[in-house]
1. Quick one: would you say Lys25 is assigned to a strand (DSSP E or B), basic (Lys, Arg) and at pLDDT 95 or above?
2. Pairs, please: C-beta under 8 Å, at least 6 apart or cross-chain, first residue touching a residue at least 12 places away in the same chain (Cβ under 8 Å) and in the stretch 212-231, second among the basic types (Lys, Arg) and in a helix (DSSP H, G or I)?
3. Give Asp272, Asp234 a once-over and let me know the one that is in the same structural domain as Val168 (by TED's automatic domain parsing) and not in a helix (DSSP H, G or I).
4. Before we move on, is Glu146 acidic (Asp, Glu) and at pLDDT 80 or above?
5. Would you say Lys265 is without any contact (Cβ under 8 Å) to a residue 12 or more places away in the chain and either within 34 Å of the chain's Cα centre (by Cα) or under 26 Å from Arg180 (Cα atoms) (or both)?
6. So is Gln264 part of a helix (DSSP H, G or I) and more than 26 Å from Leu144 (Cα to Cα) or not?
7. Do we have Ile227 as at pLDDT 80 or above and in a helix (DSSP H, G or I) here?
8. Anything in the stretch 32-62 that is in contact (Cβ under 8 Å) with a residue 60 or more places away in the chain, in contact with a Leu (Cβ under 9 Å, 6 or more places away or on another chain) and small (Gly, Ala, Ser)? List them, or say none.
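The values are calculated or read from the model by the stated rules, or taken from the named source; none is laboratory data. Owing to the predicted nature of the structure, the values given are computational and were not obtained by experimental measurement. Using ideal geometry, Cβ is built from the backbone for each residue, glycine included, and neighbour counts are taken over all protein chains shown.
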Amino acid sequence: MIHSMTGYGKSVLQLPTKKITIEIKSLNSKNLDLNARMPSIYREKELSLRKLIGNQLERGKIDFSIYVEMTGEETTTQLNKPVVNQYIKQLKEVVDGDNMELLKMAVRFPDALNTERDDIDDDEWKAILNEIEAALQRIEKYRLDEGKVLENDFRNRIQNIDDLLEQVIAMDPERIEGVRERLRKGVEELKEKVDENRFEQELVFYIEKFDITEEKVRLKNHLEYFIKSLDSADSNGKKLGFIGQEIGREINTIGSKSNYAPMQKLVVQMKDELEKIKEQLLNVL
């Protein structure tokens, strides 16, 4: 069962004084590339969160975010009254002005506001962790659903290549006979007497150079192995990519050996199907 690396998961936690939103987005990447954004109060948990997310999602370009929206009267920012009063006093020594205007200026100066850093409440963090797990489950389901779409596409395209290969196999005797006739006609046009036995020996040697029996067998095996790998319990995009490379190698060899226009047209169609498979394999976990 394959999984896509593209996914999205979201979960929202409503606490008495705040709303916490967890979002996880992922795109394809060769390795794990995790970007985490969260309020500073939760930074001490970042390493454990990275390990949790990395173990579950394995690979991809992942954006993980925790957003906090205060919905109650609780606040960690306090006015530093002594400092603000001192600023106002100094401002009055410089300019005459309304106290309200001077206050607006004073609160913009350094240290006019104190932000107290609270410790993470254990119960609150357990609730947040549960929502992170929920978001991970949602992105996993998204990846699995996307993987099913990719899997169906792969099966169809592998079947298309297999159908084209069957046409190549059916066409091969005709191709070999065509090569034989072209060679015999060429010799006849030379109007030279040739040793028939020697000609047959040379003909066999020449035709062997264009023989694609091994390539046909190997390509068939690679196609079957690709489908077998799709049916495995693991999602291994890299393994499927390697099999795709082997499929491409056999298709290219058949094309270079065919020396027969109708067969080369089939090879071009096989290459087109394989390219579409390779493009989609970049999204597979």
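1. So Lys25 fits the description; yes.
2. Ile212/Lys257; Glu215/Lys257; Ile227/Arg155; Ser229/Lys239; Leu230/Arg155
3. Asp234
4. It is true that Glu146 is acidic (Asp, Glu) and at pLDDT 80 or above.
5. yes
6. When the stated conditions are applied, Gln264 passes them.
7. Answer is yes for this residue.
8. If the condition is that a residue be in contact (Cβ under 8 Å) with a residue 60 or more places away in the chain, in contact with a Leu (Cβ under 9 Å, 6 or more places away or on another chain) and small (Gly, Ala, Ser), then Gly60 is the only one that fits.
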